[in-house]
Every structure is written in structure tokens, then in C-alpha cells.
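Written below as C-alpha cells is the structure these notes are about.
Each value in this text was obtained by applying a stated rule to the coordinates, not by laboratory testing. Just so it is clear, the structure is predicted and the values come from calculations on it, not from any experiment. Because the Cβ atoms are built from the backbone with ideal geometry, glycine has one as well, and the counts that use them run over all protein chains shown.
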Amino acid sequence: MLTLELTPQLEQEFKATAEKSGKSAAQILKELALEYLEDSQDSQAVEQVLKDVENGTDEFLSLEEARKIYALDN
């Protein structure tokens, strides 16, 4: 279990938001943490692809190229 220390103002904002949304402050924090982790993983994946392109081990396709390769014109 993690412990999070918030400023009194931020804690009040979470409580007010939770009350308006019908969710608990803990649920909102869990959702925010999950969203952050997903965004972080997405960013890391994009950074890896960009490195692969720079290193020549991967390449970008234009939309036209992708349509031809994957027969998306139909």
C-alpha cells in the first residue's frame, strides 16, 4: 500500500471532486494513477519506436504505403 501526502488545499479539492462525482477520493486517485501509468507506458513505447527508426531497425510507412501493404483500399 502506498501513502500519499497532499496539501490541505489539494485534499479539499479531491474531496469536493469526489463528492460531485459520486466516487471516493481514493477511487479518483486510483484512476489517476492508472491513467498516468498507461500514458507513461505509451510514451516509452513511442520513444522506443523512434529510437528504432533512428537506428534503422524500423521504419515509418506513409498512409499510402500502409494501404497497399495491408490491402486497405477496399
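Of the residues making up segment 44-62, just one is of a type in the set (A, V, I, L, M) and in a loop (DSSP other than H, G, I, E, B), namely LEU61. Within segment 7-30, the set of residues being part of a helix (DSSP H, G or I) and of a type outside the set (A, V, I, L, M, F, W, C) comprises PRO8, GLN9, GLU11, GLN12, GLU13, LYS15, THR17, GLU19, LYS20, SER21, GLN27, LYS30. Scanning segment 32-71 for residues that are surrounded by 12 or more Cβ atoms within 10 Å (Cβ to Cβ) and closer than 30 Å to THR3 by Cα returns a single hit, ALA33.
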